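Taking it in order: structure first as structure tokens, then the write-up.
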Amino acid sequence: MIKADVLGKASVASTKRSKLRKSLLHHAGIYLFLLPAIAFFVVFSVYPILYSFIKSFTNWPVYGSSQFVGLQNYSQVLHDPVVGTSLVNALFYMVVSVPIQVVLGLLVAIGLDRPMRGRAVFRLMYYIPVITSWVVVTLLFEYLFNTDYGIINWVLESLHITHTAIPWLADRYSALTAAAILGGWKGIGWAMMIFLAGLQGVPDELYESAAIDGAGKWQRLWSITLPMIRGSFFFVTVMLVMGSFQVFISVFILTGGAPANETQVPLVWMYQQAFTNLNFGYAGAFSWIITGIIIVLTVIQFLIFKPRGAKEA
């Protein structure tokens, strides 16, 4: 009996190995096609991330070997007043740009979710800014807000609202507002597409039942539409908040952090420290601090948008 049991277990193990071997051979082609993408991801994403984390604890010169300095770079970042300014500016950018994209993106999505003539054309028109180069649209906004020959100042002076040119890009909060309006305008089409995908997953029967019960348009919006696209709200807000702390091109072109670093944002300051001052260890430490901030904000958003029926951890 014992010998039979041993032989039976060996037979089962042999059968499992045979099935596993056949499965690997059957999917070998798939793995071969995935291998270049995985290798590319590891070499150009995973390795640089791990390498920057290790180097954030070192004095990282352009030439020569790195010297381990422990938490010195992190301490330097946390005691740098420009870092505090950049984080406050990023929060200001987020507070201005994110609501523009969420609110207007949702309204446009609701409007274009209904059957109408030329709906595809309107969707394309709203999405064009998303795929337009950041450099191009930033240069356009730089022209619009220029102190001497900008269109905005020209309109304000023509309407006698102001009598002197307003230096929009020379003041901290007016420059950040211009950058935030640019980011908000450019991202409306992206938010619209995500909300459209969510809206198309809402069953029409729910709206029909609510209409039969006498629910108006606003009641259907608050009671059906918004709860049903809760997941879309979570995804959109998380991505936009992350994007707010990664704003770079618009601020870099509009102000470059001037005047006196008052309009600095994290990525511009990080870039200048790394490639202007060649302080790579500082820049690496700052990048990981920003990563931690983004993770905390993401967790907070998850708690806000957590499904109502979800159990506490």
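Just a few scattered comments:
- Contacts under 8 angstrom Cβ, first residue in segment 253-271 being in the same structural domain as Thr85 (by TED's automatic domain parsing) and surrounded by fewer than 24 Cβ atoms within 10 Å (Cβ to Cβ), partner in a loop (DSSP other than H, G, I, E, B) and among the aliphatic types (A, V, I, L, M), 6 or more apart: Gly257/Val265; Leu267/Val247
- Listed by first and then second residue, the pairs with beta-carbon distance under 6 Å, at least 6 apart or on different chains, first residue in segment 167-181 and within 17 Å of Leu140 (Cβ to Cβ), second hydroxyl-bearing (Ser, Thr, Tyr) and buried (at least 16 other Cβ atoms within 10 Å of the Cβ), are Leu169/Thr255; Ala175/Thr255; Ala175/Thr263; Ala179/Ser250; Ala180/Tyr93; Ala180/Ser97.
- Any hit, segment 67-88, residues being under 30 Å from Asp204 (Cα atoms), in the same structural domain as Gln301 (by TED's automatic domain parsing) and assigned to a helix (DSSP H, G or I): no
- Lone qualifier among Trp218, Trp185, Trp190, Trp222 - being closer than 26 Å to Val241 by Cα and without any contact (Cβ under 8 Å) to a residue 40 or more places away in the chain: Trp222
- Qualifying residue in segment 86-93 (condition: out of contact with any strand residue (DSSP E or B) (no Cβ under 6 Å at 6 or more places or on another chain), modelled with pLDDT of 95 or more, within 21 Å of Met192 (Cβ to Cβ) and not basic (Lys, Arg)): yes
- Residue in segment 49-58 that is at positive phi, outside any helix (DSSP H, G or I) and either surrounded by 11 or more Cβ atoms within 10 Å (Cβ to Cβ) or more than 21 Å from the chain's Cα centre (by Cα) (or both) present: no
- The one condition from (1) under 27 Å from Leu71 (Cα atoms); (2) modelled with pLDDT under 90 that Gly292 does not meet is (2).
- In summary, Ala191 fulfils each of the numbered conditions (1) crowded, with 21+ Cβ neighbours inside 10 Å; (2) aliphatic (A, V, I, L, M); (3) not in a helix (DSSP H, G or I) with the single exception of condition (3).
The values are calculated or read from the model by the stated rules, or taken from the named source; none is laboratory data. Owing to the predicted nature of the structure, the values given are computational and were not obtained by experimental measurement. Counting neighbours? That spans all protein chains shown, and the Cβs are built from the backbone with ideal geometry, glycine included.
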